[in-house]
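The structure under discussion is supplied below as structure tokens; questions concerning it will follow.
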């Protein structure tokens with residue numbers, strides 16, 4: 001099992017990242033980016049311990065409070081977006097199920113209505129193992145256009161039935 005070392009990273013006044021391993025006095029370096037500092041600390045660590053090339057390095061990035069708040073806000077927004085994407089994926093799967101099973105629409109018709117490719121509709125049909133990827137999400141503008149088309153088509157069909 002490879003050893004694990006905590007790596008403390010902090011920016012200096014020139015904007016460089018200073019990396020050190022508190023468990024190994026003397027193992028420190030710097031880099032212009034976090035990635036460069038992490039690569040260099042592995043090299044520095046190899047001067048002090050054997051097996052450093054296989055060691056698990058755990059970064060502990062020290063940031064000013066304002067920067068930490070920005071990072072936390074971005075992480076929160078990303079988590080909310082992922083939850084919304086999962087919810088949208090469920091609604092999309094349910095919609096495809098409704099349209100294909102209950103309404104007996106063809107794959108091509110469902111694809112047009114939901115503004116997806118027919119192959120993506122096939123992937124998401126009931127009984128298929130398929131997840132919603134990032135390749136097909138309809139933009140809110142397109143979704144609104146799609147809803148308007150559906151409503152218009154429904155009104156037209158209802159008007160024909162009245163005649």
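Read the figures in this text as sums done on the coordinates, not as results from a lab. No experiment lies behind these values; they were computed from the predicted model shown. A quick note on method: Cβ atoms are made from the backbone with ideal geometry, for glycine too, and the neighbour counts reach across all protein chains shown.
What FRET efficiency do you get for residue 117 and residue 43 if R0 is 35 Å and r is their Cβ-Cβ distance, rounded to the nearest 0.05?
My answer for the efficiency is 0.15.
Arranged by the count of other C-beta atoms within 10 angstrom, fewest first, what order do 124, 99 take?
If I rank by nearby Cβ atoms, fewest first, I get 99, 124.
In which sequence would 16, 48 go, from the one with the fewest C-beta neighbours within 10 Å to the one with the most?
Lowest count first: 48, 16.
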